[in-house]
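Read-outs: derived from the displayed coordinates by stated rules, not from any lab. Values in this document were obtained by computation on a predicted structure and should not be read as measured data. No Cβ is skipped: glycine too gets one built from the backbone with ideal geometry, and neighbour counts run over all protein chains shown.
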Amino acid sequence: MSALNPPASDPGALKKAPAPPHLVTKRALQQARSGSRYSDSTLQARLVRVAVPAGADLDLRLAAEELALAALIHSHLMDIPLPSVSFANLESKTVPCSAIGGDFSDAVAGEDSLCAVVADVSGKGVPAAIVAAMLQGIIHAQMLARKPLAEIAATVNRFLCSRAPGKYAAMVLVKVQMDGTAEYLNCGHGAPVVVKSNGVRRLDGRNAVVGLLSGAQYRAERCQLHPGDRLLIFTDGIMEAEDSSGRQFSETQFDLLVHLPTTKQILDHVSNFADRRQQRDDWTVFQLRFDGGAQLPLHCACAPR
């Protein structure tokens with residue numbers, strides 16, 4: 001008989017039953033997902049080792065099992081490999097504040113360009129994750145169709161206003177050509193940053209967040225990237241991280257952050273600064289390093305995040 005349905009004659013059977021394989025907390029999921037890409041069997045095996053204690057209330061265990069299954073599905077949706085191109089290198093990493101969250105990033109490579117998005121859906125947990133999964137699918141399809149950035153933003157805005165009232169998202173859309181010509185469209189998000197050999201530049205220009213104003217108009221801005229430039233996008237959870245005394249990231253901390261070379265090092269620094277406090281918001285950092293080489297061919301292989 002299933003461990004979730006013990007015989008009535010043995011009221012203590014529930015406490016003796018082993019925990020189902022998918023009962024996880026945020027920490028359990030992070031432990032299970034640690035490292036690079038993984039297989040379903042490996043992930044599930046790790047989840048068994050960090051399962052909710054078997055003595056937990058039955059309703060709590062069933063709810064945790066459903067959340068864990070949702071977390072597995074969500075993690076696969078959000079862990080799509082970023083494309084590898086000859087003229088740029090991409091990295092992106094997200095640390096949700098609960099088992100699943102509302103931050104996501106994605107990118108699509110065309111014949112001579114690269115289009116990417118970083119988004120932060122309002123709210124946290126399951127409701128934000130559901131909206132994030134829908135938006136990722138919509139934006140991915142729009143990027144594959146090579147739609148203009150302003151049209152992508154307008155499409156997402158109409159969708160949220162009509163189908164998910166009360167939910168909105170801040171996001172940045174970016175399109176980079178092989179020659180370094182770049183477009184970006186900021187919808188209420190923190191400013192993207194370009195780190196150059198001689199300094200740091202914040203990219204100005206903001207539009208309304210998507211999902212609040214049904215008639216909002218969106219306009220993209222332009223900039224030029226040169227070989228060695230790094231384009232960084234942080235969601236607000238990183239900039240609002242607090243240390244043990246309640247201080248948020250300062251400009252001094254931010255200046256150090258942007259000069260760290262990898263997304264892992266950036267998130268490690270944020271984690272150390274936060275002094276192991278309970279994380280209050282999702283953390284996402286996206287990096288595009290422009291390498292140049294406009295005449296080089298595009299590679300089709302995908303690189304893991």
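Which of Met143, Met239 has the fewest other C-beta atoms within 10 Å, and how do the rest follow up to the most?
Result, fewest neighbours first: Met239, Met143.
Taking the beta-carbon count within 10 Å as an exposure proxy, list Thr235, Thr94 from fewest neighbours to most.
Exposure proxy ranking, most exposed first: Thr94, Thr235.
Order these by the 10 Å Cβ neighbour count, fewest first: His226, His140.
Result, fewest neighbours first: His226, His140.
Cα-based count: Lys pairs in the range 80-303 below 23 Å, eight or more positions apart or different chains?
Lysine pairs meeting the criterion: 9.
Given labels modelled 7 Å from the Cα in the Cβ direction, how far is it in nm from Ser197 to Glu240?
It works out to 3.9 nm between the two label points.
Using 0.36 nm per residue of separation minus the Cα-Cα distance, give me the extension gain between Phe159 and Ser271 in nm, one decimal.
Gain on stretching Phe159 to Ser271: 36.8 nm.
Could you check the simple spin-label distance between Ile138 and Thr181, using points 7 Å along Cα→Cβ, in nm with one decimal?
2.9
State, to one decimal in nm, how far the label point of Asp204 lies from the label point of Arg146, with both points 7 Å from Cα in the Cβ direction.
3.2
So which trypsin sites (Lys or Arg not before Pro) in the range 191-266 pass both tests, a DSSP loop state and at most 15 other Cβ atoms within 10 Å of the Cβ?
Answer by residue number: Arg219, Arg247.
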